[in-house]
Every structure is written in structure tokens, then in C-alpha cells.
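Everything below concerns the one structure shown next.
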Protein chains: 2
Amino acid sequence: MRRHELTNPAAAHTDGASHDHAVCIDALLDRAKHSFGEKGLKLTALRLRVLEEIAASHDAVGAYDVLERLAARSGGKVAPISVYRAIEALREAGVVHRLESRNAFFACHAPHLGRHGHMALVCDKCAEVVEVEAPDFHASLQRAGRDRGFAVTSAIAEGFGVCEVCRAEATKPAHEEQS
Amino acid sequence: MRRHELTNPAAAHTDGASHDHAVCIDALLDRAKHSFGEKGLKLTALRLRVLEEIAASHDAVGAYDVLERLAARSGGKVAPISVYRAIEALREAGVVHRLESRNAFFACHAPHLGRHGHMALVCDKCAEVVEVEAPDFHASLQRAGRDRGFAVTSAIAEGFGVCEVCRAEATKPAHEEQS
DNA sequence: GGGCCGATGATATGATATAACACTTGAGCC
DNA sequence: GGCTCAAGTGTTATATCATATCATCGGCCC
Ligand SMILES: [Zn+2]
Ligand SMILES: [Zn+2]
Ligand SMILES: [Zn+2]
Ligand SMILES: [Zn+2]
């Protein structure tokens, strides 16, 4: 089992159940086109396929998951390095981030140009990742660093817990639970 | 080369050059003994050997680095899983942390019982890790999460930049540089 | 002693990521 | 068109990080 997978994949609830995810995807692809253009990068067929797989949910997925899904869905097989290269380009374009604590990747649905001041919240139950703005975070980190002569140029922050939907499910009466 | 190593290991300056690191080690070992005792864990010979290797510098080191150093220094070879198990125990005791962004581990020289409210600052030049207290961080993360119904139970934060010593070296006149 | 449990050993494998080099393609230039 | 160059991708191999599984050992309790 991939290290970032859940014991209960059925717990994932962001593939359309709680919102119209097609809207998320459309907005993301649109932003990706613009972002690639602005940065002089090319949103090639492979990169688009990889982005579509990552953006298919709000979860963080491993590079090898992407690879398997590409093979299963798009037909043509690709090598691990090709997936990693595509992901790297998507990261440069700012449409995909890496979840450092899980060695996995997730689509950025909340543009925040400049890599600073956002945090990822990861649900331990359903693996969903949401980004929250945290303008204070980077500033306070730089302040803390400055006290020690440390010049902070970039930072990451990741929080773990239980998301709203999973909390609601956890408090549901037992007879409403799925088997 | 291990991914977390530097291109110029000589840049490391925390192995005694800029402070009396024996003091750091003594304090850490002392704290480790107490912490293992309090938690009902045992600071076994293997765990102590692993801790000594990790604590030998303020850098983050990979599990396989530890393994190689154990083989080189202490004689007896150990399997990767044994190193990982020892590291896991040291983490539970709170004397070692994982640097998520590098898949590496570093000794905690700044006790902060409870895993909240600290951040790691990593020098891109010398790989030194310093921990800074950030009492606001976890609170603000929980506040941000609460707005979205997300209950944050733990979090990590890692900052990257250039430490004081390396900054000083960078501004030194060229004729003082090492070849 | 015998049962138990936490720690370690031993072996194998899984999971994540990159190196090196070849090939293709398209843009810019002449 | 033909040339060059750079970016992207393919192909193969390998490096790096981490865990599964079962055996064994040694202290501790009864
Ligand atoms: Zn969505
Ligand atoms: Zn984002
Ligand atoms: Zn020290
Ligand atoms: Zn610490």
C-alpha cells in the first residue's frame, strides 16, 4: 500500500459528493493555461494528463499513483521519471504542491502567487487537503529567524486533523454508517 | 549522494567550530535518559548509539547515514529497520524530530514537550537545523482550520534560508574564502 | 521453570526519486 | 529548405528511503 493511502479509501468524499468538482477542475485547468503561458512554460499533453489525474480529487496522491492512473485511464504508459518531470513543471507553474509530510502531491485550488503564507490542512480520515491563507505565518517565521540571524526565504506548514465532513460523519448515529 | 547532503560538507560549521558541542550532547543525553524514563521507554544500547550519531551535529541526517556511521564507528552492523525502529523510539521520547521536507532526522536541543508550537529552520548552505518556538503558529493554524470546520490536532512547520554563520561567510571578502 | 512482552536480528520487499543518454520536435534564423 | 538549439520526452538503469514478516533473545512476573 502506498504510504499516503488511507485504510478506508471509501472515506474520500471530495470526488463530487459534497460539491461540484467539475467547477474546481475547470477553474484549475484555466489557471494552469494562464500560468504556464506567463512563465514561458508549455502545458504539454503529458503535463495536462498528469494535472488531470492529480486534480481529479482534492486528495494528495503519490507520483506512482498518478503513474498507475495514467496507465489505466489514458492508455499510454509512462516512466516514473516522466511523471516526476511533469509534476515538477506543474509545481513551477504553481498549480500543484507537494505535501512534504506524505511525499505526495495535490492540486492547488486556491491560487496564492508567491509561495509564502499558505498552509495545507490534511484530513487524517479522508486524505483531503485544503489550503488556508496564513499571511502571518511567513512573517512570524521570518521574525523568529531574524532573532537568530537566520534569513528565511521560504517555508512550509502542514496541519493534520479531521475535516468538517469527516467530523460530521464521525458523530452520525451508528445506523447511518456504511458497512 | 544522499538527497539531504550538501554539495560542500565542509560548510558544516556546527561540529565544534562555533560552539562547544559537547555541552549540547551532554544535555541531550541527560534529557533523553529522563524522557525515556518518564514515558516508560528504555534507552537501550542501540537507541543510544543512534542518538549519538544523530546528535553528533545539528544537521538533519538520513536514516541510512546513521546506519553507515554506526557501521563505521561502533563496529556492529545493523539493518535499516533497526535504525528506523530506534529513531521511532527517539522520536517518541521527544529527543529526535523528523525533517519532513528532507526525509531526514535531527536531534532536538530545545525541549518543547508537546509537539506543538515549534518550527524548524534549515540552512540551505550548511544543513544546520535550529528549532524556534512559535507559540502563535499552532493557535493560528487552529483558528484558520476552525473557520472551515477543520479540527487541527498536530502540525509541522519548516523554514528554509541561510543561517547566521553562513551569512557571515557569504559576506566575507573573497580573499578569506577557502578554495 | 514457563509464559509473556518489548527489543533486536535477519531476510526480503515495497515505495519514492533520480541519473544518464538518446530521440523527437518545434521555434528562430540564414 | 536546411541549420541549430533548447525543451520535452522516452528508455534503461539505479539510487534512496521505508516497512513486512517471522525468528530469537533477555528481562520480568508468577
Ligand atoms: Zn473540488
Ligand atoms: Zn496552493
Ligand atoms: Zn551543538
Ligand atoms: Zn525539538
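Read-outs: derived from the displayed coordinates by stated rules, not from any lab. Please read all numbers here as calculations on a predicted model, not as lab measurements. Ideal geometry is used to build each Cβ from the backbone, glycine not excepted, and the neighbour counts take in all protein chains shown.
Okay, here's what the table says:
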| read-out | value |
| --- | --- |
| Charge context of B:Val165, other residues only, Cβ under 10 angstrom, K/R +1, D/E -1 | -1 |
| For segment B:3-177, with +1 on Lys and Arg beta carbons and -1 on Asp and Glu, the positive-most of B:Val129, B:Gly159, B:Thr44 along the dipole | B:Thr44 |
| Segment A:3-177, relative contact order [Cα under 8 Å, separation at least 6], % | 22 percent |
| Computed E for B:Arg167/A:Arg73 - FRET, C-beta separation, R0 45 angstrom, nearest 0.05 | 0.40 |
| Total formal charge among the other residues, if their Cβ is under 13 angstrom from that of A:Lys77, Lys/Arg +1 and Asp/Glu -1 | +2 |
| Segment B:3-177 - charge dipole about Cα centre, Lys and Arg +1 at Cβ, Asp and Glu -1, debye rounded to 20 | 840 debye |
| Approximate spin-label separation A:Ile81-A:Leu41, in nm, with each point projected 7 Å along Cα-to-Cβ | 2.0 nm |
| Packing-based order for B:62-71, A:32-41, B:49-58, using average beta carbon neighbours within 10 Å, highest first | B:49-58, B:62-71, A:32-41 |
| Formal net charge of residues neighbouring A:Glu88 (Cβ-Cβ distance under 12 Å; K, R +1; D, E -1) | +3 |
| Number of partner chain Cβ atoms within 10 Å, mean per residue of B:96-102 | 2 |
| Shielding score for B:129-141, defined as the mean number of other chain Cβ atoms within 10 Å | 4 |
| 3J(HN,Hα) from dihedral phi, segment A:106-111, Karplus parametrisation 6.51/-1.76/1.60, rounded to Hz, x for glycine, proline | 9, 7, 8, 9, 9, x |
| Between segment A:125-151 and segment B:113-173, the alpha-carbon center distance in angstrom | 7 Å |
| Table column - 3J(HN,Hα) (Hz), segment A:46-58, Karplus curve with 6.51, -1.76, 1.60, x for Gly and Pro | 5, 4, 5, 4, 5, 4, 4, 5, 5, 7, 4, 9, 8 |
| Spatially proximal aspartates and glutamates relative to B:Lys39 (Cα-Cα < 13 Å; intrachain offsets below 8 disregarded) | B:Glu92 |
